[in-house]
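Encoded as structure tokens, the structure appears first; notes follow it.
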Amino acid sequence: MHMTTKALVLRQVDYKESDKILTLFTQEQGKLTASARGCRKKGSALAAPCQLLAWSEMVLYDYQGRWTVKEASTERLFQGVRDDLERLALGCYFAEVAELLAVEGVASSELLSLILNSLHALDKMKEKPLALVKAAFELKAMCLSGYEPLLDGCAVCGRTPPEEPRFHLREGVVHCAACRGEMVEGISMPLNLHALRAMEHIAYGDPKRLFSFSIGGEGLTKLADLTEAYLHTQLERGFQTLDFYKGIQTGGI
């Protein structure tokens with residue numbers, strides 16, 4: 001069986017002398033694994049479209065349940081991401097999260113659009129702080145995966161907006177600082193109104209305008225810390241690519 005599809009390369013593993021095993025995020029069948037034979041040979045037509053984070057049109061064929069890349073042509077390489085180590089590390093983090101959330105053989109157009117738009121933001125929207133792009137990706141990814149938070153009022157008293165707002169990482173709700181005693185055990189992180197409004201925009205706004213907000217200073221710090229902690233709490237794991245990204249930021253790499 002043959003399939004022509006556009007796909008984003010989420011992960012690549014060298015195999016044998018000149019092959020790769022790719023994890024692809026395809027339009028038609030969501031996440032799938034495919035081999036790219038000979039793509040590491042000098043002059044291979046598959047070399048560019050089978051790179052990590054390449055968005056390519058591919059012809060795949062299935063033989064006994066195993067997919068192989070037969071032909072491929074590059075649609076977009078996000079060169080501005082590749083030329084900056086910090087942006088590349090963040091893009092790889094997005095890919096690692098998407099690989100975890102995507103389901104084998106099940107199309108997920110919204111999640112695919114999210115990572116493509118996030119890579120575009122890293123590539124072309126240089127005026128946006130990386131922390132803003134990262135936070136928007138993390139929270140929206142959670143929303144699309146069944147972890148959409150409740151942000152429209154205190155989960156205990158209903159006050160809108162919550163007074164001295166806090167966000168409960170396990171429950172995914174906001175509450176007033178004074179209502180903390182009525183919440184279940186777990187970590188509640190402090191917000192301010194700027195960060196709360198940004199979260200509302202990300203969670204409830206038009207996906208096409210995901211990055212069309214501004215926030216800085218303390219609000220951005222609180223937003224970035226919270227979205228990362230929320231994603232890790234709900235998924236119950238860390239990410240090596242995120243550790244690498246932070247190492248670059250701190251000069252540890």
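Counting only protein heavy atoms and using a 1.4 Å probe, what share of the accessible area of the chain belongs to carbon plus sulfur, as a whole percent?
Using a 1.4 Å probe with all protein chains present, the chain comes out at 48 percent carbon and sulfur.
In Å³ and rounded to a whole number, note down the convex hull volume per residue for the Cα atoms of region 1-96. Could you put the intermediate results ahead of the total?
Values: hull volume 9.1 nm³, N = 96.
Value for region 1-96: 95 Å³ per residue.
Among Ile202, Ile187, Ile115, which one moves the most in a GNM of the chain with springs linking Cα atoms closer than 10 Å?
In this elastic network of the chain, the residue with the biggest mean-square fluctuation among Ile202, Ile187, Ile115 is Ile187.
When every alpha-carbon pair in the chain is counted, what percent end up more than 31 Å apart?
30
Could you give the size of the charge dipole of region 91-185 about its Cα centre, using +1 on the Cβ of each K and R and -1 on the Cβ of each D and E, expressed in debye and rounded to the nearest 20? Can you show the working numbers first?
Numbers: 9 positive and 14 negative charges, 64 e Å.
Result for region 91-185 is approximately 300 debye, rounded to the nearest 20.
Report, in deg cm²/dmol and to the nearest 500, the calculated mean residue ellipticity at 222 nm for the chain, where each DSSP H run with n ≥ 4 adds -39500 (n - 2.57) and the sum is divided by the residue count.
Value at 222 nm, helices only: -12000 deg cm²/dmol.
I'd like to know how region 154-201 sits against the 2.2 N^0.38 Å rule of thumb: what's its Cα Rg over that expected value?
1.01
With no solvent and one equal point scatterer placed on each C-alpha of region 34-172, evaluate the Debye formula and give log10 I(q)/I(0) for q = 0.08, 0.09 Å⁻¹, two decimals.
At q = 0.08, 0.09 Å⁻¹ the computed log10 ratios are -0.32, -0.39.
Taking Rh as the Kirkwood radius, which is the inverse of the mean 1/r over Cα pairs, what is the Rg/Rh value for region 111-206?
With Rg and the Kirkwood Rh in hand, the quotient comes to 1.02.
Pick from Ala135, Ala121, Ala155: which residue has the top mean-square fluctuation in a GNM of the chain where Cα pairs under 10 Å get a spring?
Ala155
State which entries of Lys6/Lys208; Lys124/Lys222; Lys41/Lys126 exceed 30 angstrom in Cα-Cα distance in the structure shown.
Table pairs above 30 Å Cα-Cα are Lys41/Lys126.
Averaged per residue, what accessible area in Å² does the chain show with a 1.4 Å probe, protein chains only?
48
Top mean-square fluctuation among Val133, Val97, Val106, Gaussian network model of the chain, C-alpha springs under 10 Å?
Val106
When only Cα pairs under 8 Å and 6 or more residues apart are kept, what is the percent relative contact order across the chain?
Relative contact order for the chain comes out at 15 percent.
Run the dipole for region 39-88 about the Cα centre, Lys and Arg Cβ at +1, Asp and Glu Cβ at -1, nothing else charged, and hand back the magnitude in debye, nearest 20.
Charge dipole of region 39-88: 280 debye, to the nearest 20.
The values are calculated or read from the model by the stated rules, or taken from the named source; none is laboratory data. Predicted model only: the values in this text are computed from it and were never measured. Using ideal geometry, Cβ is built from the backbone for each residue, glycine included, and neighbour counts are taken over all protein chains shown. All accessible areas refer to the heavy atoms of the entire protein, side chains included, with ligands and DNA or RNA removed. Shrake-Rupley method; radii C 1.70, N 1.55, O 1.52, S 1.80 Å.
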